[in-house]
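Asks: To start, I am sharing the structure in question, which I have written as structure tokens.
The values are calculated or read from the model by the stated rules, or taken from the named source; none is laboratory data. Keep in mind that what you see is a predicted model, and the values were worked out from it rather than measured. Counting neighbours? That spans all protein chains shown, and the Cβs are built from the backbone with ideal geometry, glycine included.
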Amino acid sequence: MANSAQARKRARQADKQRAHNASLRSTLRTAIKRVRQAIQAGDKTAAQSVLQQSTAVIDRIADKKIVHKNKAARTKSRLSAQIKALAA
């Protein structure tokens, strides 16, 4: 338990930031799930439009360093490849 006023304040700030980061991480996961569901449905044009919207979310969260930029790039690449494979 924090003893000084400064430590108590930092603990409060850390809790608030952790909750905010958890919310953003949840938004990221939801965006990825939406693309995967569109891919499962088999509609390539719908999947591409959902991917475009989700790409903005993924990039925005990576910019805030909630996830690493390489993880964001890897996720976008894999989703794009899965959509590309729908045509084949």
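Asks: Which pairs turn up if I take residues in the stretch 4-23 that are over 19 Å from Ile61 (Cα atoms) and look for partners that are surrounded by 11 or more Cβ atoms within 10 Å (Cβ to Cβ) with beta carbon separation below 6 Å, at least 6 apart in sequence or on another chain?
Replies: The qualifying pairs are Arg8/Ala2; Ala11/Ala2.
Asks: Sticking with this structure for a sec: Tell me, which residue of the stretch 12-43 that is surrounded by fewer than 13 Cβ atoms within 10 Å (Cβ to Cβ) and within 11 Å of the chain's Cα centre (by Cα) is nearest to Met1 (Cα to Cα)? Don't jump to the end; show me each part of the working.
Replies: If we filter the stretch 12-43 for residues that are surrounded by fewer than 13 Cβ atoms within 10 Å (Cβ to Cβ), which is where we start, we get 12-20, 22-23, 26, 29-30, 33, 37, 40-42.
Narrowing the set further to residues that are within 11 Å of the chain's Cα centre (by Cα) leaves 22-23, 26, 29-30, 33.
Values: Ala22: 23, Ser23: 25, Ser26: 29, Arg29: 33, Thr30: 35, Lys33: 38 Å.
Among those residues, the one meeting the criterion is Ala22.
Asks: Under 8 Å between Cβ atoms, which residue pairs at least 6 apart in sequence (or on different chains) link something in the stretch 56-69 that is closer than 13 Å to Ala31 by Cα with a partner that is modelled with pLDDT under 95 and in a helix (DSSP H, G or I)?
Replies: none
Asks: Okay, next question. Please work out if Lys65 is loosely packed, with under 15 Cβ neighbours inside 10 Å, out of contact with any Ser or Thr (no Cβ under 6 Å at 6 or more places or on another chain) and in a loop (DSSP other than H, G, I, E, B).
Replies: Yes, satisfied.
Asks: Search the stretch 69-84 for residues being out of contact with any helix residue (DSSP H, G or I) (no Cβ under 9 Å at 6 or more places or on another chain) and of a type in the set (Gly, Ala, Ser), and hand back the single one that is nearest to Ala38 (Cα to Cα).
Replies: Ala81
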